[in-house]
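I have placed the structure first, in the form of structure tokens, so that the comments after it can refer back to it.
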Amino acid sequence: MKDILNNIKNELLQRPVQSAVDVVLFAFILYALFVFLKKNDAVRLIKYVALVLVASVVLTSNLLSLPLLSRTFTYAFLLIIIGVAALFPQEMRRGLWKISSPRDMAESFNTNYNCSDEELEAAIGEIVRASLSMAKKDVGALIVITPEFIPEHIEESGTKLDAVISNGLLESIFSTKGPLHDGAVLVRGNRIMAAGCFLPLTQSLEVDKELGTRHRAAIGVTETMNVLTVIVSEETGVISVAHRGELKRYYDAEMLTDTLQEFYGLKAIAGATKKKRGKKHGNKQA
């Protein structure tokens, strides 16, 4: 072990800049891996990962001259990454999506809807009124609002409607006597694209165990897609909103209106500059 440490010391002295960068990058990757495992309740795996990494450093040293073990443990870190990806596919996909997508809702300002701002405001009012009405009646609801087009397999899992949003239509869809009340309603602009749709459930262990399937579906679809979901609890009548994998509860009319206006790009968000949409007005659809 002393020879190995001396060898590392000599490397640092001969190539100080490259070695420093190498050490910093390695430490950062190692730290990120340990934080990821701890966050996902895999603390017990950390000690095994640490042991494998230490064994890799020792056995791949030129001083030991163990070619077979050296070649095997050279790929140990790669095997660890593959193992983590296999054990936590949902978390890995969520992390990659967050890295590759914008970090706020500012992109909604550039979205082109086939309706005017006034029609979007009217649609928001209908969603808010329907949510409050269903909350008072303890009627469960799940509304998915997207500035883009939702994947076909989700839209096709329900019934296509392509109808203008209205309070009455939303309440009819989520009525327990109707055939579409168990699924989600997909909304783009001022139109309901489909109803009774099935969504992917979140696999996060951080979600409150008291929350049911509707809330888990609402969180799950926002983890991998740029959508916002409005949820009305059937058990408590509480209105919640999910976005980017985070759920916020106990919304009133004003809070829900503000959130929807921000997501639609009708109201500037804190710290963001409102951008003019390229084509704000479009032809009305019948």
Which one of L180, L132, L161, L169 is closer than 15 Å to G237 by Cα, open to solvent by 30 Å² or more (accessible area, probe 1.4 Å) and hydrophobic (A, V, I, L, M, F, W, C)?
-> L132
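Hey, does region 142-150 have a residue that's charged (D, E, K, R) and at pLDDT below 90? Let's see the steps before the verdict.
Of all residues in region 142-150, those charged (D, E, K, R) come to 148.
Of the ones still in play, those that are also at pLDDT below 90 are 148.
Yes, that holds for at least one residue.
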Scan (1) touching a helix residue (DSSP H, G or I) at 6+ places or on another chain (Cβ under 9 Å); (2) free of Cβ contacts under 8 Å to residues at least 60 places away in the same chain; (3) open to solvent by 10 Å² or more (accessible area, probe 1.4 Å) for the single condition R191 breaks and write down its number.
-> (2)
What number goes with the only condition from (1) under 16 Å from the mean Cα position of the chain (by Cα); (2) modelled with pLDDT of 95 or more; (3) exposed (fewer than 14 other Cβ atoms within 10 Å of the Cβ) that T229 does not pass?
-> (3)
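Checking the condition assigned to a strand (DSSP E or B) and either surrounded by 14 or more Cβ atoms within 10 Å (Cβ to Cβ) or at pLDDT 90 or above (or both), which residue from L201, L211, L266, L247 passes?
Details: L201 fails: assigned to a strand (DSSP E or B); L211 fails: assigned to a strand (DSSP E or B); L266 fails: assigned to a strand (DSSP E or B).
Exactly one of L201, L211, L266, L247 is assigned to a strand (DSSP E or B) and either surrounded by 14 or more Cβ atoms within 10 Å (Cβ to Cβ) or at pLDDT 90 or above (or both), namely L247.
Which residue, of A135, A194, is closer than 25 Å to E262 by Cβ, part of a helix (DSSP H, G or I) and either touching a Lys or Arg at 6+ places or on another chain (Cβ under 8 Å) or not β-branched (V, I, T) (or both)? Even if it seems obvious, please write down each step before you answer.
Numbers: A194 fails: part of a helix (DSSP H, G or I).
One residue alone meets the criteria, A135.
Where residues in region 138-151 are within 12 Å of A194 (Cβ to Cβ) and assigned to a loop (DSSP other than H, G, I, E, B), which of them is most open to solvent (accessible area, probe 1.4 Å)? Please lay out each step first, then the result.
Quick first cut of region 138-151, residues within 12 Å of A194 (Cβ to Cβ) only: 143-144, 146, 149-151.
Among the residues that remain, those that are also assigned to a loop (DSSP other than H, G, I, E, B) are: 146, 149-151.
Numbers: T146: 4, F149: 154, I150: 13, P151: 45 Å².
Of everything passing the filter in region 138-151, F149 is most open to solvent (accessible area, probe 1.4 Å).
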Pick out the one residue from G220, G196 that is at pLDDT 90 or above, out of contact with any Asp or Glu (no Cβ under 8 Å at 6 or more places or on another chain) and open to solvent by less than 30 Å² (accessible area, probe 1.4 Å).
-> G220
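The values are calculated or read from the model by the stated rules, or taken from the named source; none is laboratory data. Please read all numbers here as calculations on a predicted model, not as lab measurements. Because the Cβ atoms are built from the backbone with ideal geometry, glycine has one as well, and the counts that use them run over all protein chains shown. Surface areas here come from the heavy atoms of the whole protein model, side chains and all, with no ligands, DNA or RNA. Shrake-Rupley method; radii C 1.70, N 1.55, O 1.52, S 1.80 Å.
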